[in-house]
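Colleague: Quick one: the structure is below, questions incoming.
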Amino acid sequence: MANRTDPRARSIHGTNPQNLVEKIVRAKIYQSNYWKEQCFGLTAETLVDKAMELDYTGGTHGGNRRPTPFLCLALKMLQIQPDKEIVVEFIKDEDYKYVRVLGAFYLRLTGTVADVYQYLEPLYNDYRKIRQKLSDGKFTLTHVDEFIDELLTKDYSCGTALPRIQKRWILEASGTLEPRRSALEDDFEEEEEDKEDGQPMDVDEPNTHEKDHLRGRSPTKERDRERERDRDRKHERHHRDRDHDRDRDHDRDYGRGRERDRDRDRGRERDRERDRERDRHRIRDDDYHRDRDRDGRERERRDRDRGRHRSRSGSRSRDRRERDREVGELRKRRGRGSASPPRGRAEDGPREEPKKRKEKKEKKGSGNGPDPNDPEIIEMNKLRASIGLGPLK
């Protein structure tokens, strides 16, 4: 519950405000003791006291990437989302430079492009020193205007990716912003006014006109005036060239950064494709070995079944041959062991049967056919006539 964004907070750049800080850095902040002990229950009013206690800026540092209190308070501001007036008061605070830097960092993350240029560019005139903690844990000295220049021209600050903003000249061309006015221009105008006021007035007196004119337009003063104008022009040209070079360097760095990101993405894609290809080959090899093992097991089972069937059929054939051999031996034994009957009895027996058969045939052949007066024949002929057959012959 302590790490959730305020339900009344609106989304920034189309996402949760806390998502503007990378997930890994956000997890490190949630695990830090400063977040758990000092940032718990802070509101927009009480956060000012914690911001006044800051004594350095920075992102993460050390081997385990511990977050700085500056970054913890920035995430707390993203969580509670204070009003814009409070953030502007942070930026306008001239007594506490770290409060001003914290407000500028928060506005750079959440503000619109016009607000970023409107409220951060005046801080170029703040030359106070601030301490910054580097990623290796060491401290370095920098200035407020350098920190503001990093916010306006770089893509990363304090270990956090900054949202992209448009170039100033694009906003000036579209009419969103007015041309930048340098703080030195007022001094130049005042000097010009003082010089003009110091020149003598021309009087239309006949005798003194030429003398006053020569005194007011002396060659020495004229040369000094020209020299000052040249110096002012060189100064303005120098500022303009520096701004142009800074924008050009930023564009070049941005292009190189995008090219590096593109190369890194291509390398990661190649690594992913190589891993996928390796996984596909591994899966294909595993399937091949699995199929080969399964085929080997199937072949072994078929060979085992075939051998069992052969042994069973061989045993059956052996049993059949043995049984046939035993039957043949039994028949031979029976044929050898049976005694031949006496000749007289054998001759009488078989001869009596053919005689009886011959006598029966002779009896059948002696008659001329069935008797037509036989009642059975008559009954049979009636039955045959009823079904349409002729009489018995």
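Read-outs: derived from the displayed coordinates by stated rules, not from any lab. Only a predicted model underlies this, so the values are computations on that prediction, with no experimental measurement involved. Because the Cβ atoms are built from the backbone with ideal geometry, glycine has one as well, and the counts that use them run over all protein chains shown.
Colleague: Which whole-angstrom value gives the distance between the alpha carbon centres of the stretch 372-393 and the stretch 105-171?
Modeller: 139
Colleague: Can you tell me which of 284-292, 95-103, 17-25 comes out highest on packing, and rank the rest after it, using the mean Cβ neighbours within 10 Å?
Modeller: On the way: 284-292: 10.0, 95-103: 20.7, 17-25: 16.8.
In decreasing order of mean packing, 284-292, 95-103, 17-25 become 95-103, 17-25, 284-292.
Colleague: Give me the Debye-computed log₁₀ of I(q)/I(0) at q = 0.23 Å⁻¹ for the stretch 3-51, equal point scatterers on Cα only, no solvent, two decimals.
Modeller: At q = 0.23 Å⁻¹ the computed log10 ratios are -1.05.
Colleague: What list of ³J(HN,Hα) values in whole Hz, one per residue of the stretch 289-298 in order, does the Karplus curve 6.51 cos²θ - 1.76 cosθ + 1.60 (θ = phi - 60°) give from phi, with Gly and Pro shown as x?
Modeller: Coupling constants for the stretch 289-298: 5, 5, 5, 5, 5, 5, 5, x, 5, 4 Hz.
Colleague: From zero up to wherever the largest Cα-Cα distance of the stretch 17-165 sits, split into 10 Å bins and tell me the percent of pairs in each.
Modeller: 11, 46, 38, 5
Colleague: Ordered by packing density, taken as the mean number of other Cβ atoms within 10 Å over each peptide's residues, highest first, how do 377-389, 28-40 rank? Can you show the working numbers first?
Modeller: Values: 377-389: 10.9, 28-40: 15.7.
The most tightly packed comes first, giving 28-40, 377-389.
Colleague: Using 19 Å as the Cα-Cα cut-off, could you pick out the over-long pairs in Lys97/Lys129; Lys97/Lys133; Lys50/Lys154; Lys23/Lys76?
Modeller: Working: Lys97/Lys129 9 Å; Lys97/Lys133 16 Å; Lys50/Lys154 27 Å; Lys23/Lys76 15 Å.
Checking Cα-Cα distances, Lys50/Lys154 exceed 19 Å.
Colleague: In addition: If each residue of separation counts as 0.36 nm, what is the full-extension length gain between Met52 and Lys138 once their alpha-carbon separation is subtracted? Can you show the working numbers first?
Modeller: Working: separation 86, 0.36 × 86 = 30.96 nm, distance 2.20 nm.
That pair, Met52 and Lys138, stretches by 28.8 nm at full extension.
Colleague: Could you list which residues have their amide H under 5 Å from that of His61, counting only those 5 or more apart in sequence or on another chain, with H placed in the peptide plane?
Modeller: For His61, whose amide H was placed from the backbone, the distant partners under 5 Å are Arg66.
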